[in-house]
Amino acid sequence: MNKIFKFRIAGILIALAMVAVFGVGVMLLWNALLPGIFGLPFINYWQAAGLLLLARILFGGFGGGRFVPYFGQNRDERLFHHGNPLREKWMNMTDDERKAFVEKERDFLRFHRGFARFHDFFEDDDKEAEKQKAPSKKEENNE
């Protein structure tokens, strides 16, 4: 047998063992907490395993690919191993273009966090106050 087949068999066995362990854990936690708190009935192992599967379907999906190993690669190689167009664009930018990009992203994030609305509101008030304080051109010519 080749290595990939052995890894898949081992992965399936580990997954089944994890389901068994987590099923027992869900059953024990349910039976220890929920009947006393909410008056719910006790559940058996198969009900706990079904509840675990239902939670996985509703909240976790079947995704896969999350635990794919990348042996011998660092974090950057794992993140960009398929070729990231944004990274490629970044690598081709000059320093000035990178600084402009970073500033644009900061402004974007600042706005979407909600700070910019208040900041801009008060900044506009300050500008109007400065305009009112500053003498007009006609007043400057008269003096």
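Nothing in this text is a laboratory measurement; each read-out follows from the coordinates by a stated rule. The structure displayed is predicted, hence computed values, not measured ones. As a convention, Cβ positions derive from the backbone with ideal geometry for all residues, glycine included, and neighbour counts pool all protein chains shown.
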Checklist entry - Sorting TRP30, TRP46 on the 10 Å Cβ count, fewest up front, what's the list? => result TRP46, TRP30
Checklist outcome for this item: Checked region 1-69 with the C-alpha gyration tensor, a ≥ b ≥ c its square-rooted eigenvalues, rounded below a/c of 1.5, otherwise prolate if a/b is larger than b/c and oblate if not; verdict prolate
Checklist outcome for this item: Once both label points are put 7 Å beyond Cα along the C-beta direction, the TYR45-LYS104 separation in nm becomes 5.9
Item to check | Calculated from backbone phi, Karplus (6.51, -1.76, 1.60) coupling profile of region 45-56 in Hz, x at Gly/Pro | outcome: 4, 5, 5, 5, 5, x, 5, 5, 5, 4, 5, 5
Item to check | Phi-based couplings in Hz for region 13-23 (Karplus 6.51, -1.76, 1.60; Gly and Pro marked x) | outcome: 5, 5, 4, 5, 5, 5, 4, 5, 5, 5, x
